[in-house]
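K.L.:
Have a look at this one.
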Amino acid sequence: MKKIIYLVPALSLAGCTSQQVEEKPNVIVILADDLGFGDVSAYGSTTIHTPNIDSLARGGVCFTNGYATSATSTPSRYALMTGMYPWKNKDAKILPGDAPLIINESQYTLPKMMRECGYVTGAIGKWHLGMGNGNVNWNETVKPGAKEIGFDYSCLIAATNDRVPTVYVENGDVVGRDPSDPIEVSYEQNFEGEPTAISNPEMLKMQWAHGHNNSIVNGIPRIGYMKGGKKARWKDEDMADYFVDKVKNFITEHRDSSFFLYYGLHEPHVPRAPHQRFVGKTTMGPRGDAIVEADWCVGELLTYLKKEGLLEKTLIIFSSDNGPVLNDGYKDGAPELAGKHAPAGGLRGGKYSLFDGGTHIPLFVYWKGKIQPVKSDALVCQMDLLASLGSMVGATLPDGLDSRNYLNAFMGTELKARENLIIEAQGRLGYRSGDWIMMPPYKGSQRNLTGNELGNLGEYGLFNVKADRTQQQNMAAQQPELLDSLKQNFFA
Ligand code: NG6
Ligand code: CA
């Protein structure tokens, strides 16, 4: 693809014509972190049981061809929030915890759209889109952040649960901030006298496999160095409960208005440290137990909505930011204990991969009493939620978005959506068109340290994922005309 500078659609040209809208449900987007197609029992996996997540799939639209744009978190979330392909923004790649906000404050976003159309907006859980402007002082209000891109309320972890700073940031302020113990963060060097996994391995309750050997917090070694903020540091085992409480509070507080909530689950991303009550719930060790914890969170949310009388008034979307990984840098037994469990549900590759397992993710849309249960093979992408929800709430969208309106497909009344989708894995692009996936000839290693296959074929790949779901047969040589036409569309 040519190197082009892309302009982002700005808010000024957009608006809301809510008078045309019949009904405005609350909207909750639940986005798990690294949960694969095979990690939920809804798609037939028998090695894990996720009854609460399955209830969304069984009672709503269960997508068999649902996609994230990307095989890693930041670009994937960027597309969801902005309705733009993430490869158009050079900063949309895995961010450190002190990275600046990568969404321009004047840029059009999903939460701004919802707010414009009368919604109170909230973001709770994993963020990973950067905050601040490059030189963050964690001892003051950090901005720009979630608020500046459209969230009235936010309670977040800045990046990932394996990256410093390991603190919650509520409306831009570190929770439990203490002026007498200021927080300092560096991704370059350690602070003098602070323990790391290298200097103090005896402090570790979880061992690192690759990376993850910098500061130790809660006995777990992290990516990046951190000093201070001792009282503010999270306890990984309590994170699920912490965010579930925040979610319930947000719902109660806004039960009488329309609300839009983005709920970023931290499971089953590393480090997997579920609460004690989930430990041993599966035979798969911390990864399996973390998935059970995530399922519990979904159950808590559903029960709470019901209790508040809001279940019939709330549209719930459940998905994952990218495909699965077993060994993502800690020795937590995930590969050894997986047994027959296939986290990507048989799709080839996983997180980081241009093969289908990187971006082909679980996706369910549920609205009690409104959406009829249906299994849908429509090709849909999380990036399309912006335009689709926009059409539901009566938003007037700016020109130039990559997000497309497939509201009927998301509501299950039409079983067709996209013809094509560009997928991305750590900067490499591929193309899904109909039942075909075209992968350009990337060079480089076959696998990274996680063991996941990356999809560097060194030649063109062309796979019919309907006939050959596991991408075993490269049809590029047999189908030169099809390959040419896909290349033409892709490079256009
Ligand atoms: C990688 C980390 C991995 C994970 C990932 C981001 C190492 C060796 N690996 O760099 O553990 O944090 O970044 O994952 O540091 S994501 O789901 O947020 O994209
Ligand atoms: Ca992820």
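K.L.:
Which fully enclosed strands (runs of 3 or more DSSP E) of the stretch 159-275 have 3 or more residues being touching a residue at least 24 places away in the same chain (Cβ under 8 Å), over 30 Å from Gly333 (Cβ atoms) and not acidic (Asp, Glu)? Full working, then the answer.
P.N.:
Details: elements: 168-170, 184-186, 225-227, 259-264.
Per the criteria, 259-264.
K.L.:
Of all residues in the stretch 429-452, which are part of a loop (DSSP other than H, G, I, E, B) and either at pLDDT below 95 or closer than 18 Å to Arg469 by Cβ (or both)?
P.N.:
Gly434, Asp435, Asn452
K.L.:
From the list Val120, Val40, which residue is hydrophobic (A, V, I, L, M, F, W, C), in contact (Cβ under 8 Å) with a residue 24 or more places away in the chain and touching a helix residue (DSSP H, G or I) at 6+ places or on another chain (Cβ under 7 Å)?
P.N.:
The match here is Val40.
K.L.:
Same structure again: Of these, Asp33, Asp91, which one is of a type in the set (Asp, Glu), open to solvent by 10 Å² or more (accessible area, probe 1.4 Å) and either in contact (Cβ under 8 Å) with a residue 40 or more places away in the chain or touching a Gly at 6+ places or on another chain (Cβ under 8 Å) (or both)? Before the answer, list the steps.
P.N.:
On the way: Asp33 fails: open to solvent by 10 Å² or more (accessible area, probe 1.4 Å).
It is Asp91.
K.L.:
Just the residues that are within 16 Å of ligand 1 (Cβ to nearest atom), in contact with a His (Cβ under 7 Å, 6 or more places away or on another chain) and assigned to a loop (DSSP other than H, G, I, E, B), please, taken from the stretch 46-105.
P.N.:
Matches in the stretch 46-105: Leu95 only.
K.L.:
So which strands (runs of 3 or more DSSP E) stay within the stretch 294-404 end to end and still have 1 or more residues that are open to solvent by 10 Å² or more (accessible area, probe 1.4 Å)?
P.N.:
Hits in the stretch 294-404: 363-366, 374-376.
K.L.:
While we're on this one: Quick check on the stretch 129-158: of everything there that is outside any loop (DSSP other than H, G, I, E, B) and within 16 Å of ligand 1 (Cβ to nearest atom), which residue is farthest from Glu22 (Cα to Cα)?
P.N.:
For the stretch 129-158, the residue satisfying everything is Ile157.
K.L.:
Separate question: So, of the residues in the stretch 192-213 that are in contact with a Gly (Cβ under 9 Å, 6 or more places away or on another chain) and open to solvent by 70 Å² or more (accessible area, probe 1.4 Å), which turns out to be farthest from ligand 1 (Cβ to nearest atom)?
P.N.:
This residue is Met203.
K.L.:
Here's another thing I want to ask about it. Collect the residues in the stretch 113-128 that are assigned to a helix (DSSP H, G or I) and surrounded by fewer than 24 Cβ atoms within 10 Å (Cβ to Cβ), keeping them in residue-number order.
P.N.:
Result: Arg115, Glu116.
K.L.:
Turning to a different aspect of this structure: Return the pairs, sorted by first residue and then second, in which the second residue is open to solvent by less than 50 Å² (accessible area, probe 1.4 Å) and among the aromatic types (Phe, Trp, Tyr), the first residue lies in the stretch 468-479 and is closer than 20 Å to Gly345 by Cα, the beta carbons are less than 6 Å apart, and the residues are 6+ apart or on different chains.
P.N.:
Gln471/Phe355; Gln471/Phe463
K.L.:
Output the residue which, of all residues in the stretch 440-453 that are touching a Lys or Arg at 6+ places or on another chain (Cβ under 8 Å), open to solvent by less than 50 Å² (accessible area, probe 1.4 Å) and more than 16 Å from ligand 2 (Cβ to nearest atom), is nearest to Gly349 (Cα to Cα).
P.N.:
In this case the residue turns out to be Glu453.
K.L.:
Also, I was wondering about something else. Just one of Ala159, Ala57, Ala71, Ala99 is in contact with a helix residue (DSSP H, G or I) (Cβ under 7 Å, 6 or more places away or on another chain) and within 16 Å of ligand 2 (Cβ to nearest atom); which is it?
P.N.:
Numbers: Ala159 fails: in contact with a helix residue (DSSP H, G or I) (Cβ under 7 Å, 6 or more places away or on another chain); Ala57 fails: within 16 Å of ligand 2 (Cβ to nearest atom); Ala99 fails: in contact with a helix residue (DSSP H, G or I) (Cβ under 7 Å, 6 or more places away or on another chain).
The unique qualifying residue is Ala71.
K.L.:
Here is a list: Tyr330, Tyr304. Which entry is within 16 Å of ligand 1 (Cβ to nearest atom), farther than 14 Å from Gly264 by Cα and hydroxyl-bearing (Ser, Thr, Tyr)?
P.N.:
On the way: Tyr304 fails: within 16 Å of ligand 1 (Cβ to nearest atom).
On inspection, the qualifying residue turns out to be Tyr330.
K.L.:
Scan Gly264, Gly219 and give me the residue that is touching a Lys or Arg at 6+ places or on another chain (Cβ under 6 Å) and open to solvent by less than 10 Å² (accessible area, probe 1.4 Å).
P.N.:
Only one candidate qualifies: Gly264.
K.L.:
Which one of these is within 27 Å of Arg58 (Cα to Cα) and either of a type in the set (S, T, N, Q) or open to solvent by 50 Å² or more (accessible area, probe 1.4 Å) (or both): Glu419, Glu481?
P.N.:
Glu419
The values are calculated or read from the model by the stated rules, or taken from the named source; none is laboratory data. No experiment lies behind these values; they were computed from the predicted model shown. Virtual Cβ from ideal backbone geometry, glycine too; neighbours counted across all protein chains shown. For the accessible areas, the whole protein counts, side chains as well, though only heavy atoms, and no ligand, DNA or RNA atoms are used. Shrake-Rupley method; radii C 1.70, N 1.55, O 1.52, S 1.80 Å.
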